[in-house]
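Read the structure below first, then the notes.
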Amino acid sequence: MKKAMSVVLTLIMVAFIATGCGKTKTQQSDSTSGGGTGAYQDGKYKASFDFIDGHGWKPFLEVEVKDKKVVKVNFDYVNPDGQLKTKDEAYNKAMKAQNGTNPAEYSPKLDASLVKAQNGEGVQAVSGATSSSNNFKALATALLAKAAKGDTSETILPMNDTYTAIEKDFDSHGWKAQVSVTYENGKITKVIYEELDKNGKKKSEDTQYNSQMKAQSGTSMVEAAKKLADSFLANNNDPNKVDTVTGATETTAKFKTLVQAAMAMRK
């Protein structure tokens, strides 16, 4: 389930950093950038991302234009078995409990918002489903740019993004841990563990601290962070299977909690 989920327990504040949703750079007509001038060409249009996300879902959007206006919209996610997220009772129940909304609720709201706005930029984000709202708007904007030309070929958007979970408070030594998880085409390709002080100084760049830690525990923060990231990637992105780094037990615990929180943002 995507960002803003309360899996961080009480010690973590989730911070979302999206490095762009891989939106295609397409010129928009006045009908897609303004209030909707009725300049779309009649027909049925579809757009989707070119990835299956970390939870096994692929977002897509279908739009029908009639009399040069958007009259019907269908936003959903589909998995490799052809099942729809809006119909997944277990998923909807779990997300509702944590976010106050779920696909069965937010999808119709986003659909109605596009019919009203007649353009992607005017769509109102749904509270508790920020990431899905952003996906919807990206798909709608790209799709309607083609609808303005009457191009009914499916619109495919790439999506690469990074999610970062950050501890809420600084520890007794003045450091705050964070983990950034980068997805490329639906797969986690990079994980970075870091700790920063109140001035934004990175612990990985504190030579003295790393030297002292190495001497006392047998490993440095830099070494521990790399081992944790490598273990995570080698174990199919399962935080529970990450090996504890000797001499960095506390760092390991922080890594596991934060990487789960970062992954949970991509709902």
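For the range 134-256, which whole percent of the accessible surface, found with a 1.4 angstrom probe, sits on carbon and sulfur atoms?
Answer for the range 134-256: carbon and sulfur cover 45 percent of the accessible area.
Could you pull out the trypsin sites (Lys or Arg not before Pro) across the range 107-174 that fall in loop regions by DSSP (anything but H, G, I, E, B) with no more than 14 other Cβ atoms inside 10 Å?
The qualifying sites are LYS149, LYS168.
Please tell me which of these pairs span more than 19 angstrom C-alpha to C-alpha: LYS226/LYS256; LYS198/LYS227; LYS46/LYS96?
LYS198/LYS227; LYS46/LYS96
Hey, which aspartates and glutamates would be in cross-link range of LYS176, C-alpha to C-alpha under 19 Å, not counting anything within fewer than 8 residues on its own chain?
GLU167, GLU194, GLU195, ASP197, GLU205, ASP206, GLU223, GLU250
Order the following by accessible area, largest value first: GLU64, GLU195, GLU154. Probe radius 1.4 Å; ligands, DNA and RNA are ignored.
GLU154, GLU64, GLU195
Which order do TYR91, TYR163 take by accessible area at a 1.4 Å probe, largest first?
The ordering from most to least exposed comes out as TYR91, TYR163.
Can you pull the accessible area of ASP169 for me, 1.4 Å probe, Å² to the nearest 10?
Ignoring ligands and nucleic acids, ASP169 comes out at about 100 Å².
Using every alpha carbon pair in the range 47-156, what percent of pairs falls into each 10 Å bin from 0 up to the bin containing the largest distance?
Spelled out per bin, shortest first, that is 15, 48, 31, 6, 0.
The values are calculated or read from the model by the stated rules, or taken from the named source; none is laboratory data. Remember, predicted model here, so these are calculated numbers, not experimental data. We place every Cβ from the backbone using ideal geometry, glycine too, and count neighbours over all the protein chains shown. What goes into the accessible areas is simple: the full protein's heavy atoms, side chains included, and nothing from ligands, DNA or RNA. Shrake-Rupley method; radii C 1.70, N 1.55, O 1.52, S 1.80 Å.
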